[in-house]
Amino acid sequence: MVTRKEKMLWALYGMVLVFLFLLSSTNLFIKEKETQVYGVSVIIEDTSDDNYVNFKKGMDLAAMEFHADVSFITLYDKGSKKQQEELILREQQDGCKALVVSPVDGDEILKMQAEKRINVPLVLLNSEAGAAGDKAAGAIGFDYYHMGQELGLRITEEQKGKKVYLFGGQNPDEVSGRFRDGILSVLEPAGYEVVPQKASGEGGWKAAAGEIAQRDGGQAVIAALDPVSLAEAAQAFSEPDLLPEIGGLYGRGTTVRLLNYLDRGVIQGLCVTDDFSAGYLSVKTAAELAGNQAAEGYGYLKSCFIRQEDLRDLEYEKMLYPME
Amino acid sequence: MEKRKFGRARWLLAGLCVVLLLSGCKGMEKAEEKKSIRIGVSLYRGDDTFINNIRGELEKCAKEYEQGHGVKVTLDIQDAKGSQNIQNNQVERFISLGCDVMCINPVDRTAASAMIDKAMTAEVPVVFFNRKPVEEDMDRWDQLFYVGAEARESAVLQGSIVVDRYREDPASLDKNGDGVVSYVLLEGESSHQDSLIRTEWSIQTLKDGGVPIEKITGGIANWERSQASALMEQWLEQYPGRIELVVCNNDDMALGAIDALERAEAEGINLVGIDGTTPGLEAVESGKLMGTVSSDKEQYAGAIFAIAVDKAMGQEIRQELALENGKYYQCPQQIVEKNP
């Protein structure tokens with residue numbers, strides 16, 4: 001015979017069980033913190049992400065850590081201000097909470113912001129306008145002018161008195177323009193003959209490199225202002241014995257292809273940038289700003305000049321081949 | 001009484017019609033309103049050259065579609081880095097981010113069921129590509145599609161490159177003149193059906209074509225250039241002067257073998273690949289690779305994208321794709337040899 005006391009105990013057990021179930025399986029008592037996901041649109045100035053591989057790795061990591069839903073958007077035509085403007089407006093209309101823009105023209109983007117056409121937090125990438133004026137909510141990038149100066153100095157040390165051909169940057173974007181100015185600020189006062197090279201179409205830089213090698217041989221140095229023209233020039237010299245050697249091939253970029261050329265000795269020196277950190281910090285800043293949190297503005301990130309022997313250096317290895 | 005019953009039924013019927021009509025209109029409104037779509041793309045390994053080519057073409061297709069139709073296409077491309085677990089998580093993420101359709105290049109074709117379960121629960125159609133899930137999985141739902149190139153066809157075409165060359169000039173392949181073409185074989189992953197089929201049919205085509213062959217050795221290089229290079233280097237040391245032909249399951253491995261040949265400064269060895277990747281085609285043009293089999297990447301990616309967009313927009317899949325059994329698309333292939 002079950003006593004009244006026992007019945008009450010069973011009922012109590014039952015109630016405890018129900019309570020525990022509600023506690024563990026529902027959010028009736030313990031409210032689960034809702035994770036807010038912020039839409040962040042990253043709009044670059046290029047038509048492909050070839051030069052953004054490490055950047056995207058950093059971007060993906062930050063997206064996971066800071067709960068950002070990142071859309072990486074390229075232009076339909078390289079360097080089109082109009083398209084970039086349209087994409088910025090489109091992304092805002094579609095509800096993105098913050099923008100990361102590598103501008104075709106930094107001043108134009110800041111003008112859009114001043115006119116209140118950009119009404120979400122904006123992080124500018126690689127733009128002098130953003131870095132200098134502190135007008136964007138965040139500005140992240142590299143000091144390309146300083147990088148150019150560094151390259152100019154190396155050329156004066158290693159290639160005394162040789163003729164320097166500048167490749168790329170025919171329609172100079174902000175980045176290659178500043179890089180070129182940095183190089184010229186060193187080479188011109190030092191009395192170097194600097195020739196801006198012209199080329200057209202795919203393979204144009206390769207052909208130009210071949211002509212220079214045939215004409216000037218060891219007395220010529222090529223300094224490429226962008227990764228595309230550098231890769232094409234390197235391709236021309238990657239087949240041994242096909243062309244006479246030139247004095248040296250230099251440039252900037254961090255793609256695996258360029259690093260392979262440096263490793264093979266086709267490129268003599270390369271200005272490299274910490275793209276992984278740029279990707280990570282830009283999305284981190286954008287996500288923080290989207291969540292109305294205080295975010296550091298950042299500024300110039302690490303860049304350096306490396307040679308073939310530096311590739312095995314642990315410091316550069318971590319920067320150039322980041323683990324995801 | 002009877003009249004009253006009929007009256008009530010009439011009202012019920014009329015109400016039902018109104019509800020149906022309204023729900024129909026709502027659907028139409030939805031279809032008209034769709035101004036942006038989101039496609040989740042998961043790649044088995046982002047550093048695979050062929051897959052990377054397809055990825056590039058998919059991005060082009062998305063841009064063209066955006067420009068042509070005014071519909072925003074968000075391509076969320078993720079690299080599974082060769083891990084099925086990572087890919088499963090990516091599928092979950094795509095679903096939680098509200099992807100309209102997923103394009104999946106499975107890491108393990110035999111482990112697609114978990115992804116299919118998730119897709120079915122969330123009612124998100126899936127376009128698999130390059131690695132075909134097993135038939136039983138594909139038959140589970142009518143919203144599963146597959147785009148690929150037929151492995152047997154690739155292999156037969158690869159074999160015929162060698163057969164044609166041998167018929168033209170036997171000495172170009174049989175370098176030591178012993179009447180037999182001695183070959184080594186570089187194979188893809190053992191778990192990939194294409195790897196097995198490519199090997200089997202390529203060699204069978206050589207035999208059927210009357211090429212006297214002798215296998216020296218073979219190895220699995222998992223489709224990778226670096227692994228193929230290491231294997232080839234080893235074989236060049238083990239079998240000096242004996243290798244006359246390298247049959248490779250894909251272009252990346254052929255390029256790896258070329259790297260090893262260049263390092264060893266070995267000459268007179270012919271190589272054939274499959275895929276027609278950009279570096280593979282360059283190697284053919286420069287004469288380092290005897291030939292490759294190329295599927296039209298534009299068409300390949302175009303088919304993936306077309307199915308994905310049609311499903312995302314809630315439309316019927318376009319007729320011109322002529323899917324086999326309503327779900328399979330095989331991309332045509334062709335031989336690529338150096339232009340004379």
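Modelled spin labels at B:E150 and B:N176, positioned 7 Å past Cα toward Cβ, are 3.8 nm from each other. Largest GNM mean-square fluctuation among A:L243, A:L259, A:L270, using chain A with Cα springs under 10 Å: A:L243.
Exposure proxy for A:R90, B:R131: other Cβ atoms within 10 Å of each Cβ, ordered fewest to most, give A:R90, B:R131. Residue ranges A:28-41, B:105-118 sort as B:105-118, A:28-41 when ordered by packing (mean number of other C-beta atoms within 10 Å per residue, highest first). Fewest-first ordering of B:H69, A:H146 by other beta carbons within 10 Å of each residue's beta carbon gives B:H69, A:H146.
Comparing A:T26, A:T254, A:T285 in a Gaussian network model of chain A (Cα springs below 10 Å), the most mobile by mean-square fluctuation is A:T26. Per-residue Cβ neighbour counts within 10 Å put B:C61, A:C96, A:C304 in the sequence A:C304, B:C61, A:C96, beginning with the fewest.
Can you tell me the length gained on complete extension of the stretch B:T121 to B:N52, counting 0.36 nm per residue apart and subtracting the Cα distance? Extending this stretch completely gives an extra 21.9 nm. Which of B:A257, B:A266, B:A228 ends up with the largest GNM mean-square fluctuation for chain B, with Cα atoms connected below 10 Å? Most flexible of the set in this elastic network: B:A266.
Return the subset of A:K31/B:K72; A:K82/B:K60; A:K56/B:K63 for which the Cα-Cα distance in this structure is over 25 Å, preserving the input order. Correct reply: A:K31/B:K72. Residues whose amide H lies under 5 Å from that of B:Q78, counting only those 5 or more places away or on a different chain, are B:V41, B:S42, B:L43; hydrogens are built 1.01 Å from N in the peptide plane. Sequence-distant contacts, meaning Cα pairs under 8 Å at least 6 residues apart, place the relative contact order of segment A:144-273 at 25 percent. Taking chain A as the reference, fit the longest principal axis to its C-alpha atoms, fit the long axis of helix A:204-216 to the helix C-alpha atoms, and give the angle between the two in degrees, 0 to 90, nearest 10. In chain A, helix A:204-216 runs at an angle near 30 degrees to the longest axis.
So for chain A, averaging the separation of alpha carbon pairs under 8 Å that are six or more residues apart and normalising by length, what relative contact order in percent results?
Details: 598 pairs, mean separation 64.4, N = 324.
Contact order relative to length: 20 percent.
By definition, a body whose alpha carbon gyration tensor gives a ≥ b ≥ c is rounded when a/c is under 1.5, and segment A:144-273 falls into this rounded group.
The angle separating the long axis of helix B:193-208 from the principal Cα axis of greatest extent in chain B is about 50 degrees.
The label-point distance for A:E115 and B:R263, in a model that sets each label 7 Å from Cα toward Cβ, rounds to 5.8 nm. Using the Cβ-Cβ distance between A:Y321 and B:R167 with R0 = 45 Å, the FRET efficiency computed as 1/(1 + (r/R0)^6) comes to roughly 0.45.
Please state the shape class of the protein assembly as shown: rounded when a/c is under 1.5, otherwise prolate if a/b exceeds b/c and oblate if not, all from the C-alpha gyration tensor.
On the way: a/c = 1.96, a/b = 1.25, b/c = 1.56.
Oblate is the answer for the protein assembly as shown, as a/c is 1.5 or above yet b/c matches or exceeds a/b.
Amide H contacts for A:V42 (H built 1.01 Å from N in the peptide plane; partners 5 or more residues away or on another chain; cut-off under 5 Å): A:S71, A:F72, A:I73, A:V100. Which of rounded, prolate or oblate describes segment A:45-135 when judged by the alpha-carbon gyration tensor and an a/c cut-off of 1.5? Here segment A:45-135 falls in the rounded category.
Put a dot 7 Å past the Cα of B:I335, heading toward its Cβ, do the same for A:N27, and the two dots end up 6.3 nm apart. Inter-chain neighbour count for B:73-85: the average number of beta-carbon atoms from partner chains within 10 Å of each residue's beta-carbon is 2. The angle separating the long axis of helix B:151-168 from the principal Cα axis of greatest extent in chain B is about 30 degrees. The calculated FRET efficiency for the pair A:S238 and A:D181, based on their C-beta separation and a Förster distance of 25 Å, comes to about 0.25. Short-range pairs are left out: with C-alpha atoms under 8 Å and at least six residues apart, the relative contact order of chain B is 17 percent. Cut-off 18 Å, label point 7 angstrom out along Cα-to-Cβ of A:E108: give me the residues of segment A:173-202 whose amide nitrogen falls inside. Output list for this probe position: A:173-178.
Taken together, the values in this text are just the output of simple stated rules run on the coordinates, not laboratory data. Since this is a predicted model, take the numbers as computed values, not measurements. As a convention, Cβ positions derive from the backbone with ideal geometry for all residues, glycine included, and neighbour counts pool all protein chains shown.
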